[in-house]
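S.K.: For reference, the structure I am asking about is given below.
Just so you know, all these numbers are worked out from the coordinates, no wet-lab data involved. Keep in mind it's a predicted model, so treat the numbers as computed, not measured. Here the Cβ positions follow ideal geometry from the backbone for every residue, glycine too, while neighbour counts run over all protein chains shown.
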Amino acid sequence: MLTNNNWSKPQFDFFRVGVLAFAIFLVWVIIIGTPWGLGLSPDALVYAGGARAVAETGDFMQLPTKFPPLYPMLLAFAQLLANDFYLGARLLQAMFMGVNIILIAMLLKKTERPLVIIAALLILIALQPSFINVHLMLQSEPAFLSFALLDLLIVENLCRRGASLGLLLLLGLTAGAAIMVRYAGMFLLAVNIIALLFLVRSKRSVAISNAVWVSVVAFIPISVWALFNIARSGNPTSRVLQWHPLDKQHFEQAVITIGEWFHLSATPGLAVILISAIAV
């Protein structure tokens with residue numbers, strides 16, 4: 001006689017449901033918080049101009065040289081789907097809000113404490129309202145945050161499972177996408193190289209080969225973009241690479257910024273930095 005003793009009853013996953021509900025709530029917040037469109041800045045106007053030119057006339061020559069092209073191209077794609085630029089932009093930023101919440105939760109899940117994770121997400125929003133504010137603006141930061149978080153999640157999987165061709169390719173593509181959203185994404189190359197050389201279990205020769213492979217994949221999109229810009233304007237990025245060493249002003253700004261995270265003045269901000277350093 002067949003019995004179902006070996007079948008386990010499906011259990012209600014409070015973690016997934018809680019995170020998904022929280023992500024959907026914040027997606028709704030972004031949508032209802034922008035009834036007249038997203039907030040604008042000088043950079044936003046440049047993004048919008050390039051995106052609308054691509055969506056309405058297919059003119060890729062209007063993409064701004066100063067910024068990488070992926071974000072305005074995503075805006076253009078959202079406009080085509082929504083048949084309206086402003087609605088498409090709102091939905092795009094709302095989508096990135098939901099994605100970012102889920103990615104943050106997946107990274108925090110390594111603690112194996114669901115209630116702590118949900119509490120951490122709530123505290124993040126309560127203490128750092130700029131996290132929501134940046135999604136209410138027509139800015140590339142939400143998209144960049146999504147790719148950066150995904151990059152870290154892939155690195156964590158590589159450290160835990162070991163290197164595989166699929167994960168390495170995905171890591172390179174994700175880092176490349178982050179760079180194509182913001183040039184600042186170059187820092188992920190250093191993060192990935194250090195992780196592959198010192199954190200992922202593999203022979204040194206294999207680790208070096210993996211680091212080179214991931215870096216090459218990540219550099220391909222931005223290299224194509226640079227060649228395109230040279231062909232049309234003679235300059236790969238319309239930017240100048242400069243070295244900005246840390247000084248007293250940077251440290252003072254860091255203290256003020258961290259203090260603002262916890263709604264404190266600059267003086268307690270220094271204490272927060274010291275306590276955090278000791279805790280780590």
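S.K.: Between Leu165 and Thr257, 0.36 nm times their residue separation minus their Cα-Cα distance comes to what?
M.R.: Stretched fully, the Leu165-Thr257 segment lengthens by 29.1 nm.
S.K.: Here's another thing I want to ask about it. Quick one: net charge around Gln139, please, counting Lys, Arg +1 and Asp, Glu -1 for every other residue with C-beta under 14 Å from its C-beta.
M.R.: Overall, the nearby charge balance is 0.
S.K.: Let me test this: with uniform point scatterers at the alpha carbons of the range 7-108, what is the Debye-based log₁₀ I(q)/I(0) at q = 0.13, 0.19 1/Å?
M.R.: -0.56, -0.93
S.K.: Using 7 Å Cα-to-Cβ label points, what is the Arg232/Gln128 separation (nm, one decimal)?
M.R.: The modelled label-to-label distance comes out at 3.4 nm.
S.K.: Place a point 7 Å from Cα of Val224 in the direction of its Cβ. Which residues in the range 136-176 have their backbone N less than 11 Å from it?
M.R.: In the range 136-176, the label zone of Val224 (backbone N under 11 Å from the point 7 Å along Cα→Cβ) covers no residue.
S.K.: Something else: Under the 0.36 nm per residue contour assumption, what length would be gained going from the current alpha-carbon distance of Asn157 and His250 to full extension?
M.R.: Going from the current span to full extension adds 30.1 nm.
S.K.: Determine, for Arg182, Arg204, the number of other Cβ atoms within 10 Å of each Cβ, and report the residues in order from fewest to most.
M.R.: Fewest-to-most Cβ neighbours within 10 Å comes out as Arg204, Arg182.
S.K.: Using modelled amide H (1.01 Å from N, peptide plane; none on Pro or chain starts), what sits under 5 Å from the amide H of Met137, excluding residues fewer than 5 places away?
M.R.: Sorted by chain and number, the residues that satisfy this are Gly39.
S.K.: What is the gain in length, in nm to one decimal, between Val216 and Ala190 on full extension, counting 0.36 nm per residue of separation less the C-alpha to C-alpha distance?
M.R.: 8.1 nm
S.K.: Explain nothing, just compute: Karplus ³J(HN,Hα) = 6.51 cos²θ - 1.76 cosθ + 1.60, θ = phi - 60°, for every residue of the range 220-227 in order, whole Hz, x for Gly and Pro.
M.R.: Residue by residue, the range 220-227 yields 4, x, 5, 5, 4, 4, 5, 5 Hz.
S.K.: Another question about this same structure. Given labels modelled 7 Å from the Cα in the Cβ direction, how far is it in nm from Ile31 to Leu45?
M.R.: Going from the Ile31 label point to the Leu45 one covers 3.1 nm.
S.K.: Quick check: Cα centre of the range 125-146 to Cα centre of the range 34-111, how many Å?
M.R.: 13
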